[in-house]
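Below: one structure, written as structure tokens.
The values are calculated or read from the model by the stated rules, or taken from the named source; none is laboratory data. This structure is a prediction, so every number in the text was calculated from the model and none was measured. No Cβ is skipped: glycine too gets one built from the backbone with ideal geometry, and neighbour counts run over all protein chains shown.
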Amino acid sequence: MIQALQHGNYYHIYNRGINSTTLFKEKDNYEHFLKLFELHIEPIAETFAWCLMKNHFHFIVRIKETSETNLEKKITPSQSFSNLFNAYTKAFNKKYNRHGALFERPFRRKQVNFDNYLQNVIAYIHNNPVHHKICSHPIEYPWSSYISCLSDKPTKIKRTEVIACFGDLENFKYVHQEKGNYFAIENLLGI
């Protein structure tokens, strides 16, 4: 049985296209997904890291306490993610004249219980394009939160908390340059 997302907890949320189908064919797809994420998820969760790949995605979020959310309707966090995936599927299907499910169900989630795991998963998420040989360093990939973590520009990513998780910005950069044991993380996640 899939466990419901609990308020106050951190989660690694990830999913892929059904049968590993492409989720993002062009720049507009990535941008639209992020707009829908802002609409459906930002009211109920804080985002610490994300990466959108061609056929899958990863997010680290903390589900806000109920007192932190100003939702007039009592929508569960799991329903908010479902609404995001349904809205994106409808737009994608309409644009590409297709029908049916786009994402595997149910979406995957792993509760993040301790700081070391949080640090490892953030580095794993940002290095996903490197791991899949799309680029040689996360700074080269535009569809992740890595660049936002380095920037001084306003962001909705919890940048200060992310950098603090690594100690400081220099260690954040250093850890992201190290070759992590991403196969171990994937085995833990069941990917």
Could you tell me whether the range 40-61 includes any residue that is without any contact (Cβ under 8 Å) to a residue 24 or more places away in the chain, exposed (fewer than 15 other Cβ atoms within 10 Å of the Cβ) and not basic (Lys, Arg)? no
Among the residues listed as Lys179, Lys156, Lys133, the single one being at pLDDT 90 or above and more than 18 Å from the chain's Cα centre (by Cα): Lys133
Going by the conditions given, is Leu23 farther than 19 Å from Pro138 by Cα, assigned to a loop (DSSP other than H, G, I, E, B) and in contact with a Gly (Cβ under 7 Å, 6 or more places away or on another chain)? yes
Scanning the range 119-146 for residues that are touching a helix residue (DSSP H, G or I) at 6+ places or on another chain (Cβ under 6 Å) and farther than 23 Å from Glu26 by Cα, the one surrounded by the most Cβ atoms within 10 Å (Cβ to Cβ) turns out to be Tyr124
